[in-house]
Every structure is written in C-alpha cells, then in structure tokens.
Amino acid sequence: MRYLTIALSKGRLTDLSIELFEGVGIDCSELKSNSRKLILSDETNKIKFFLAKPSDVPTYVEYGAADIGIVGKDTLMEEGRNLYEVLNLGFAACRMCIAGPVELQGKLDQLNNKRVATKYPRIAREYFEHKRRESIEVIKLNGSVELAPLVGLSEVIVDLVESGRTLKENGLVVLDTIADISARMVVNRVSMKMESERINRIIDGIRKQLEKGREKQ
Amino acid sequence: MGKWKIYTPEGVQDILFEDCFMKRNLEAKIRGLFRSYGYYEIETPTVEFYDAFAAESDLIPQETMFKFFDQQGRILVLRPDITIPVARVAATKYKDREYPLKSFYIGNTFKYNELGGGKQKEFTQAGVEVMCVSAPEADAEVIATAINAVKATGIESFQIDIGQVEFFKGLMEETGLSAQDIEQMRVLIDSKDYLGIEELVKSHNIADNLKELILSLPRLFGSIDVIEKVKKMTSNERSLAALENLKQILEILEDYGLSKYVSIDLGMVQSLNYYTGIIFRGFTYGIGFPILSGGRYDKLVEKFGKNCPATGFSLGINMIMMALDRQKIAVEKQGVDSLICYKREGRKTAFEVCQELREQGLVVEMDITMGSLEDVKKYAASKGIGGIIYIVDSENIEVHNLENGEMTATSIGELLNKR
C-alpha cells in the first residue's frame, strides 16, 4: 500500500485536526510527541503527516506533495489553488470583513481613492474588483492591520474578524462581510481519483464525526 | 556585463543526455502508436498571431501567453496549445479534404505556468485531433488512443475519468440561473465544495428534485452504474442525451477491452465554453496533475470559418517522464556497445570494422583522442562502454573486455563473423 500524505497547518488548527484524525482511527501519537522530525507517520494505516505554514498547505496539496490538507478558508481564498475542497470542518470559525472608521458605514462607494490595508491582497482585490467593481490600491501588511486606518496609511482594511473586540477598541466597525471562514479539508485532484477509496473513507469518517459533534451542541 | 549568460530563464530547461534519450524514445513510441492508428502528423509554427488564441478566453487566459510584436506591430504569441492551430488548419488549408481529418502532433508549447510538480513554462505535448465526425465512435477512438499511448510509455496504473459537460449545461438551463451564477456553480462543483453548492442552491428557487441532483453532482463519479442511477433522477432531455452519449462511448470502450482504465465523473466541468460534449482526463500515481486531457469541442473549428465537429486529446510528455521517474519504472538507457581505437597502421581497417559493426546495428564509437590505451580505457569505463576493440594493424586486433579485464587477440574475419 502506498503512503497517504497529510499536510496540517501549524498553529491553532493543529490540535483540532489531530483530534479529528484520531477520531477516524488514525494513530497520531508520533505527531503529538513533540518530536523534531519533520515527517511523522502512522505505519499501520500507512499515513504520513507533516506540519507546514498554513499558507503553504494549499501549495503542497496542489502539487501532490501531500494528498490531503487541513487549512483555513482564508488561506484557500488567498492562495487560489486548484484543489478539491471537500469538507467544512467548522472549527476556527470567523469572518473575512472590510472594516473602517464608523463614518464610512454605508458610504464605502462614495470614497474615490480606496486604499485597503490587508494581509490578504488577493481576497481584497477579488472582492473590490469583482463584487463591487471598484478599483483599489492594496497595501500589503503582515500584522496588526487595524493600525493602518488609525495612522492614515489606508482608509479601510480587509481582515479576519473573530469577536470584533480589537476593531471596537480601536473605533473601527465592520463595513461588509466578504465570506465566512472556517477550517477546510482539501484534497489533491489526482489523489482523489487514484486513492478514492481510502480518501473517501477518511472524509466520510470525519463527516460523521462532525455531524455527531453538531448534534451534541 | 552579461550577468545572466550562464543561466536559463525560469521555467525552461536543458534536457541533458539521459533525459533527452528517454524523451525522444517516448516520443518515438507515441508517434509510432499514433501512426499505426492512421493519424497523420502535422507541424504548425511555434509562433502564431495572438488572434488565433484570443477567441478562446476560457481555455487560455491572455496573461498566461508569451506575447511579443512583429515588425508591423501585430501581437504574436508562442503557441500555448496545438489544438487551436490544428483547428485553424482544418478550417482553412484542409477545408475541402475528405473527412474525417485525423491528425496528430508532438511539439513544444509555452505558458506562464506556475512551476513545480512537473509544470514548466515550455513543455511538450503530444496529441491527436479528429475533425468532422460527431459520432461517439470518434470520441471512443480518441480515448482508446489516449489509453494505448499511456500504456506505450510504460505506465501501467493509470485512470481516465470521463465526464459530459452537456449534462451540467442541461441542468443549469433548467434552473434558469444567470450566467454569472452558473459560472459560480461550475467553480463550486469543479472544486467539490459541497457546502458552497448547498448555499448557492438554497439561495435560488430551484425544484426539489433538481436541487438534489445538483447537490449530488460532485459525488457522481465511479463506475458505469452512475449513469443508470442518474438517469432515474432527471427528465431533462439535454442532460439525458448527454448521459446516453456517454453510455454509448463507454460501451464502445468495453468492446475495445479498455473498460478497466475508465471511470465516470459527472462533476468534471472545466472549460465549458470550449468543450461541448465528453471531457476526459488521465491520472496516475506520483504526480499531482493530470497527465492528459481531452474532449469534444464542436464549436472551435467554426471560429476559423468552417462548421465542423471535433474531438481530441493531448498528453503531457514532461508529466509522463515525471510519472515514470516517480513510479521507478525502468526505461531503456542509452549506451555505446564498443569503442574502437587504432594504431596508425590499422586506421583503414578500423574504419572498415566500424562501418560494418554499425551496419550490423551496434552502437560503435571511434576513438578520436589518439591517446594511450590506458586513457581510452579510462574514458570507456566512465561512459559505461563494455568493450574496446584495439586495431593494431590490418591483421592484429585486440578485444578488451572491460568488465572482466580480459584481452583476446583476434582477426578481422573472426571479429566480424562472430556477430
């Protein structure tokens, strides 16, 4: 049997992903052992795991270096890779939003020159150019995006909003929601065909687990 | 000055000895196979007018093409594909030919691809096109040719997925969705985004049974039974006709004895402006991208002025090479059978022997360094040559077996008759 390779996003998605895979009978003990090894495996099920930077997971999966990946919808939208997006895992839920000073509420289209600060230039462009049919100037930042409108670097921002607390404390409001975000399971297009039986078994197992989880709530 | 002179641009490669030998061998095998089906080879220019490809915006986005200008300021491109040039030829130079027009090509194409996983900006495609026949027999033959071409390369485990875009188009027509919503639906189904499809379907007023069928589209793949199952789920004539067409093609492939390579995927919905009937892709282990793709494109040739249905496929030679490498499939290696060196007195004889052995089908290299026997042996060993024929004069010949280090003395008559 060939190995199936699973790419997990390093960070807040890691533990939740491990829980799901353990739920379908995959041995993740090596993964939890804080080992320094980059590639870990479950020899009985012939599965290999590796942890990668979230924004790299779609790349690994598209190129077939991993068959399956777990990654946030925000990363998928930003990377725009050619993959099968087979499951919404529900966790790590938040929204991708446009936010700005309260004066702009409802007046976004009156603003002539829009400077948009964001960690997600592609999502920002897609939204403004395709949905709103407006041209924008994107300012790519790598963190604390909320700062940009406060110091006059941009008029608005595009960013993930979880509770909205950071926005509120800085006098910003959500002007529009671009998409609901949560963790997704993605599969390489060729793997889905060549290993359909094993992959579908994992997908179905995780789906059932998620349904059970939802019933409990 | 010239700081780039020792590099090649990203996405293009030197293909060195081993790979080049392997690639030419693959091309020769594929060429032989295509010829044996009665397809005639065609070569179209590497450079074409941008206009020829611009009509197919769905298939080849303009930002992926290498563009430049001619002296009159017209836009030129390095061909991103060969199907479109073949369609141009079919509609112009071969417009009065008896049909079917069966052609094949093997050539390099160029696209600003992102690199990796076997993708390059310059890549070789081999493909066939059948023009002016709309019968399912034509599609089945094209698929059979594709399967046998992959087999000819040495790859044994692979799979061809077949879909039918008319099936999806029929269902979408029935929903009455706007073109924009249909495109969104296509993208969602193509990425098997179950949740996205559900949300989109729910937000529109669509009949329940149609809703159910659309929701199940990404799961409609597998064996031929899928067709029978889906037939019961719809009464849409356009979609039913698509299923019937697909079924006929599969039945023909069954008689070809190729069923085991084929499976169905009704959720395969790429390039809808281009494909008008069946659509297929080939997959194998070890690479993340399809190794071949094809389908029916009845509206393409018409864009060049002749109304003519068409079907075809193309195979990525670079993808095949990568798959062979990843699957560790042994391929023929190139080598030299013997190296001939000589003393001045034996030169004429050496050329005669060399000529004769080459005519017998051996690969024989002539020593042109005129170095010592030791130097020649060293060179031969580095190149993996098994034996040296040392011609002292017209009478005395030594055969050095480099594998066991033995030397045997022989004469010209003996040497040539032994073979």
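In the range A:31-41 there is at least one residue that is assigned to a loop (DSSP other than H, G, I, E, B), in contact with a Phe, Trp or Tyr (Cβ under 8 Å, 6 or more places away or on another chain) and open to solvent by 10 Å² or more (accessible area, probe 1.4 Å).
Contact map, the range A:78-90: residues that are facing chain B (nearest Cβ under 7 Å) paired with residues that are part of a strand (DSSP E or B) and open to solvent by 10 Å² or more (accessible area, probe 1.4 Å), Cβ distance under 7 Å, separation 6+ or inter-chain. Pairs shown: A:Glu85/A:Arg184; A:Asn88/A:Arg184.
The single residue among A:Gly171, A:Gly143, A:Gly164 that is of a type outside the set (D, E, K, R), more than 14 Å from chain B (Cβ to nearest Cβ), more than 29 Å from A:Leu20 (Cα to Cα) and touching a strand residue (DSSP E or B) at 6+ places or on another chain (Cβ under 8 Å) turns out to be A:Gly171. Listed by first and then second residue, the pairs with beta-carbon distance under 8 Å, at least 6 apart or on different chains, first residue in the range B:218-247 and under 19 Å from B:Ala140 (Cβ atoms), second in a loop (DSSP other than H, G, I, E, B), are B:Val226/B:Leu220; B:Val226/B:Leu266; B:Ala242/B:Gly277; B:Asn245/B:Gly277; B:Lys247/B:Ile224. Listed conditions (1) away from chain A (no Cβ under 14 Å); (2) surrounded by 15 or more Cβ atoms within 10 Å (Cβ to Cβ); (3) under 24 Å from the mean Cα position of the chain (by Cα) are all met by B:Asp265, apart from (1).
Among the numbered criteria (1) in contact with a Ser or Thr (Cβ under 8 Å, 6 or more places away or on another chain); (2) over 30 Å from A:Val61 (Cα atoms); (3) in a strand (DSSP E or B), which one does A:Leu175 miss? Here A:Leu175 meets the rest and fails (1).
Restricting the range B:270-292 to residues that are within 12 Å of another protein chain (Cβ to nearest Cβ) and small (Gly, Ala, Ser) leaves a set whose member that is surrounded by the fewest Cβ atoms within 10 Å (Cβ to Cβ) is B:Gly286.
Given the residues B:Lys247, B:Lys192, which is the only one that is charged (D, E, K, R), touching a helix residue (DSSP H, G or I) at 6+ places or on another chain (Cβ under 6 Å) and buried (at least 19 other Cβ atoms within 10 Å of the Cβ)? Exactly one of B:Lys247, B:Lys192 is charged (D, E, K, R), touching a helix residue (DSSP H, G or I) at 6+ places or on another chain (Cβ under 6 Å) and buried (at least 19 other Cβ atoms within 10 Å of the Cβ), namely B:Lys192.
If you go through the range A:190-197 one residue at a time, do you hit one that is loosely packed, with under 14 Cβ neighbours inside 10 Å and modelled with pLDDT under 90? Yes, that holds for at least one residue. Could we say that B:Gly295 is in contact (Cβ under 8 Å) with a residue 24 or more places away in the chain, buried (at least 20 other Cβ atoms within 10 Å of the Cβ) and at positive phi here? For B:Gly295, the condition - in contact (Cβ under 8 Å) with a residue 24 or more places away in the chain, buried (at least 20 other Cβ atoms within 10 Å of the Cβ) and at positive phi - is met. Here A:Lys119, A:Lys107 are screened, and the one residue that is surrounded by 18 or more Cβ atoms within 10 Å (Cβ to Cβ) and charged (D, E, K, R) is A:Lys119.
The values are calculated or read from the model by the stated rules, or taken from the named source; none is laboratory data. Note that the coordinates shown come from a computational prediction; the quantities given were computed from them, not determined experimentally. All Cβ positions, even for glycine, are placed from backbone atoms using ideal geometry, and neighbour counts span all protein chains on display. Ligands, DNA and RNA are excluded from the accessible area calculation, which covers all protein heavy atoms including side chains. Shrake-Rupley method; radii C 1.70, N 1.55, O 1.52, S 1.80 Å.
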